[in-house]
Amino acid sequence: MSVFKRLFYKNRKFYDDDFDWENYTADSYHRRIQTDIETQFRASSTGDQLSFDPETGQVSTRDADIHPNQLLILETIGQLRPASVHEVGCGGGDHLATAAQLFPTSDFTGGDRGATQLELALRRHPELNGKLGLQDITMPFSHAWPKPEMVYTQAVIMHIHTAVSHFVALSNLVRQAQKYVVLVENPQCHNFVADLEVLMAGGHLDWSEMHIHMLTGSTGGRGILLSKEALDYPRLTSDAQLRDGIKASARRLKRSNEDSARAIAGFARTSG
């Protein structure tokens, strides 16, 4: 991407709060890994750099810290021990490859809508060959998608704001997962709890029951856990609870409300 295009991209109306797949290339993603992540955290880890303690449910890291969001995902996988895990929006594959090394008895797959992202993931992690595929979570549900016990996202749904696409994405995530959905997203970019409740009440989710729990990692990461059964995690009942302690962004919250307002859920019969 040229310097002019990068400057234009950063001044778009929805910069940092919407997707632009034309400019979101493997090069730009790799640059973000180097500048936004690897200056503070280790992006990917080998098996001997991490360990999971089943007694505490925590992951310990050697030599360097990993991002709190990545740690939260790893700790949740370790606590729930799903037999199979799928990452939607796997990007450069760092989370997926690290999780697969830490939990070798689970089967890991990943999907991303960008072919160049998957190419980058395979360059960074050749061991993921055969585990990745093109996937657009805003498309109508595909029975070709993997059907794992757990599906997770990290900084994916927060970028989706076109029409009711994020509602479609949430519905697809639940339908794809056999047991659990983990959402590690910016909680101000959508009214996640309220929108999930609207989908459930309107009959748009494939599960007969959905329990919403709060996830908190050992280094402060925060996320949402959806489960078919009630689990021993704190119940999450509102978006305010999820946003507690986070500096409010008026722009993001306004857009979240606009996105929520576009939903027409269920089938409300009219009366003459």
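The values are calculated or read from the model by the stated rules, or taken from the named source; none is laboratory data. No experiment lies behind these values; they were computed from the predicted model shown. Positions of Cβ are backbone-derived with ideal geometry, glycine not excepted, and every protein chain shown enters the neighbour counts. Please note that ligands, DNA and RNA were not included when accessible areas were found on the heavy atoms of the full protein model with its side chains. Shrake-Rupley method; radii C 1.70, N 1.55, O 1.52, S 1.80 Å.
Among the DSSP beta bridges whose two residues both lie in the range 42-189, what percent are antiparallel, rounded to the nearest 5?
Taking every DSSP beta bridge within the range 42-189, about 20 percent pair in antiparallel fashion.
How big is the range 204-272 by the Kirkwood estimate over distinct Cα pairs, in Å?
15.0
Residue by residue, what Karplus-based ³J(HN,Hα) values in Hz, rounded to whole numbers, does the range 151-161 have, using 6.51, -1.76 and 1.60 with θ = phi - 60° and x for Gly and Pro?
Couplings: 10, 9, 10, 9, 6, 10, 5, 4, 8, 9, 9 Hz.
May I have the count of lysine pairs in the chain with C-alpha atoms under 17 Å apart, counting pairs 8 or more residues apart or located on different chains?
6
Relative contact order for the chain using alpha-carbon pairs under 8 Å, separation at least 6, rounded to a whole percent?
16
Efficiency by 1/(1 + (r/R0)^6): what FRET value for residue 81 and residue 211, r their Cβ-Cβ distance, R0 = 22 Å, to the nearest 0.05?
Computed FRET efficiency for residue 81 and residue 211 comes out at 0.80.
How much of the DSSP beta bridge set in the range 124-272 is antiparallel, as a percent to the nearest 5?
Close to 70 percent.
Lys and Arg at +1, Asp and Glu at -1: add these up for the other residues within a Cβ distance under 11 Å of residue 210 and post the number.
With Lys, Arg at +1 and Asp, Glu at -1, the net is -3.
Just to make sure I understand: if all protein chains stay in place, what is the order of 180, 233 by accessible area at 1.4 Å, largest first?
These residues rank, largest area first, as 233, 180.
Heavy atoms only, probe 1.4 angstrom, no DNA, RNA or ligands counted: give me 103, 141 ranked by accessible area, highest first.
Largest accessible area first, the list is 141, 103.
As an exercise, identify the GluC sites (Glu not before Pro) in the range 182-247 lying in DSSP coil whose Cβ has no more than 11 other Cβ atoms within 10 Å.
When the GluC sites (Glu not before Pro) of the range 182-247 are filtered for loop state and at most 11 Cβ neighbours within 10 Å, 209, 229 remain.
Please list, by residue number, every one of the trypsin sites (Lys or Arg not before Pro) in the range 193-272 that is coil in DSSP and has at most 13 other beta-carbon atoms within 10 Å.
Qualifying residues, ordered by number: 247, 262, 269.
Of the heavy-atom accessible surface of the chain (probe 1.4 angstrom), what whole percent is carbon and sulfur?
Exposed carbon and sulfur together represent 51 percent of the surface.
Between residue 246 and residue 116, what length comes free when the chain is fully extended (0.36 nm per residue of separation minus the Cα-Cα distance, one decimal in nm)?
43.4 nm
Check residue 84: other-chain or 5+ apart residues with amide H under 5 Å from its amide H, H built from backbone geometry?
107, 149, 150
Using DSSP, restrict attention to beta bridges with both residues in the chain and report what percent are antiparallel, rounded to the nearest 5.
Here the antiparallel bridges make up roughly 45 percent for the chain.
Using only protein heavy atoms and a 1.4 Å probe, report how much of residue 107 is accessible, in Å² to the nearest 10.
Residue 107 exposes around 70 Å² with every protein chain in place.
With just the Cα atoms defining each centre, how far is the range 98-153 from the range 232-272? Give it in Å.
The range 98-153 and the range 232-272 have Cα centres spaced 28 Å from each other.
What list of ³J(HN,Hα) values in whole Hz, one per residue of the range 217-222 in order, does the Karplus curve 6.51 cos²θ - 1.76 cosθ + 1.60 (θ = phi - 60°) give from phi, with Gly and Pro shown as x?
Rounded to whole hertz, the list is x, 5, 10, x, x, 9.
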